[in-house]
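Presented below is the structure to which this report refers.
Just so it is clear, none of the values below were taken in a lab; they were calculated from the coordinates. In this text the structure is predicted, and so the values were computed from the model without any measurement. Methodologically, a virtual Cβ is constructed for each residue, glycine included, from the backbone with ideal geometry; neighbour enumeration extends over all protein chains shown.
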């Protein structure tokens, strides 16, 4: 594993690059960012460096969890002691959660591309959790609305590729600090009314995203 990991490049069957889920959803306004950046600034903290550090910790925690599920050994030598310490806290929180569940992976860190809607995304986990087909995403830090839309898009990718529609969708908010709260957010699986709405929102965002790419402002 390298410390600096570029964004995944998604290509359709003709070899044409398509947009990723996170880029599409990234158009949404994030009103909480400005107050947060201001608060950090008043504390003498560079918000850009601070969030970059959190992203590095999140990437490492994510990799540690997937390596654990796969039964692989992970090279963490490129990371600082602080990054390793906080990512380990996340890993331990995940292990505590996993002790109470039977986890059987089918897809792990798997990139998929929708030929119908021309976008791509990388699923963290799709498999059997406690006997139910389940889509899971691992987040370090808070869970936001855009994460919900992300899972709706991932659900479509699974269906289009011929996998069974997940009976349940879970977003795990895994803390970096041992004093933070572990979050387990379920998206209802009985009727998927909510995911259908979320999927509709994502498709509108995708349309805007594609139109913006065509717009040339001189």
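Computed FRET efficiency, Cβ-Cβ of residue 73 and residue 215, R0 45 Å: what is it to the nearest 0.05?
On the way: r = 47 Å, r/R0 = 1.05.
Here the calculated transfer efficiency is 0.40.
Can you give the % of DSSP beta bridges in the chain that are antiparallel, to the nearest 5?
70 percent
May I ask you to sort 182, 125, 202 by Cβ crowding, counting other Cβ atoms within 10 Å and putting the fewest first? Don't skip to the answer; put the middle values down first.
Details: 182 13, 125 22, 202 26.
So the residues, fewest neighbours to most, are 182, 125, 202.
Name the shape class, rounded, prolate or oblate, that the alpha-carbon gyration tensor gives for segment 31-213, where a ≥ b ≥ c are the square roots of its eigenvalues, rounded holds for a/c under 1.5, and otherwise prolate holds if a/b is larger than b/c and oblate otherwise. Display every interim value, and only then the final one.
Values: a/c = 1.80, a/b = 1.21, b/c = 1.49.
It comes out oblate by the Cα gyration axes.
Can you tell me the relative contact order of segment 40-159? Whole percent, Cα pairs under 8 Å, sequence separation 6 or more.
Relative contact order of segment 40-159: 19 percent.
Could you put 176, 203 in order, starting from the residue whose Cβ has the fewest other Cβ atoms within 10 Å?
Fewest to most other Cβ atoms nearby, the residues stand as 203, 176.
So for the chain, averaging the separation of alpha carbon pairs under 8 Å that are six or more residues apart and normalising by length, what relative contact order in percent results?
Details: 299 pairs, mean separation 43.3, N = 218.
Reported relative contact order: 20 percent.
Could you list 156, 97 in order of exposure, starting from the residue whose Cβ has the fewest other Cβ atoms within 10 Å?
Ordered from fewest to most neighbouring Cβ atoms within 10 Å, 156, 97 come out as 97, 156.
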